[in-house]
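Each remark here refers to the structure printed beneath this line.
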Amino acid sequence: MDTKVDMYDDFNDSLAGDMSIPTAAKKNTSQPGAPDFNTLDEPIKETILRDVKAVGSKFYHVLYPKEKSSLLKEWDLWGPLVLCTFMATILQGSESGDKSYDGGPEFAEVFVIVWIGAMIVTLNSKLLGGNISFFQSVCVLGYCLTPVAAALIICRVILLAPQTKLLFFVRLLTTVMGFIWATYASHIFLGDSQPVNRKPLAVYPIFLFYFIISWLVISHSSM
C-alpha cells in the first residue's frame with residue numbers, strides 16, 4: 001500500500017513541473033549569442049550610440065578588410081543608406097532646364113543604380129549556390145561603397161581648382177584606387193560564400209557593379 005502511495009506522489013510531482021520564470025542566464029545558455037540585456041529597457045541614447053559604433057566599426061572593417069565576419073555577423077542597412085544618399089546628393093546633375101546642365105545623373109537614378117544593382121548581384125550570387133543571406137550580401141555591397149565614396153569626396157575637392165590634365169589624372173587615379181579597393185573588400189567578405197568553381201562568375205557582376213558607380217564618379221566633372 002505504501003508503495004502505491006509513493007508512486008502516486010511521484011506521478012503528481014512529475015505533472016507539477018517547474019513554473020518558475022527563466023532567468024537571463026538560462027535564456028543565454030539556451031540561445032547562444034543572445035544579448036545579456038533587454039534592449040526595450042535600454043535608454044534611447046545608449047541604443048543610438050551603440051548602433052552608431054556598430055556602423056562605424058563596419059566602415060573600419062571595409063577600409064581594413066581582414067576580419068571577414070565583421071559585416072556578416074550582424075548585418076544592417078544604415079551604412080549603405082547613408083552612403084547611397086550622400087553619393088546621390090553629390091552626383092546629381094543640374095536641372096535639365098538649366099543652361100549649365102552637366103549631364104549628371106538624377107538623385108533617383110543613383111538610388112536605382114545602387115540598390116537595384118546590389119540586388120541583382122545578390123540574386124546572381126544566390127543562383128550560383130552562395131550560402132549567404134540576401135540582406136547580408138546587400139549589406140556588404142553597400143558598405144563596400146566606402147572607398148568609392150571617399151574617392152568621390154577627393155574628386156569634388158580637386159574640382160574646386162582650375163582643371164588641368166594633371167588634376168584629371170589625379171582624379172582618375174583616385175577613382176581607380178577606390179574602385180579596386182571596393183571590389184577587393186567585397187571579394188574578401190563574399191568570396192568564401194561561393195563554390196570554388198563558380199567564384200569568377202560571382203566576382204564579375206561585383207566588378208561591373210562598382211565599375212559603373214566609379215564611372216559616375218569620374219565622369220561627373222562639373223560643380
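Note that segment 112-122 has calculated 3J(HN,Hα) couplings of 5, 4, 5, 6, 5, x, 4, 5, 5, 4, 5 Hz, one per residue in order, obtained from phi through the Karplus relation 6.51 cos²θ - 1.76 cosθ + 1.60 (θ = phi - 60°); glycine and proline are x.
Quick one: net charge of Gly79's neighbours, Cβ under 15 Å, K/R +1, D/E -1? Display every interim value, and only then the final one.
Values: positive: Arg50, Lys53, Lys58, Lys73; negative: Asp51, Glu74, Asp76.
Overall, the nearby charge balance is +1.
A Förster distance of 25 Å, applied to the separation of the beta-carbon atoms of Ile48 and Leu81, puts the FRET efficiency at 0.95.
None of the figures in this text is laboratory data; all of them are computed from the coordinates on show. These numbers were taken from a predicted model, which means no experiment stands behind them. A quick note on method: Cβ atoms are made from the backbone with ideal geometry, for glycine too, and the neighbour counts reach across all protein chains shown.
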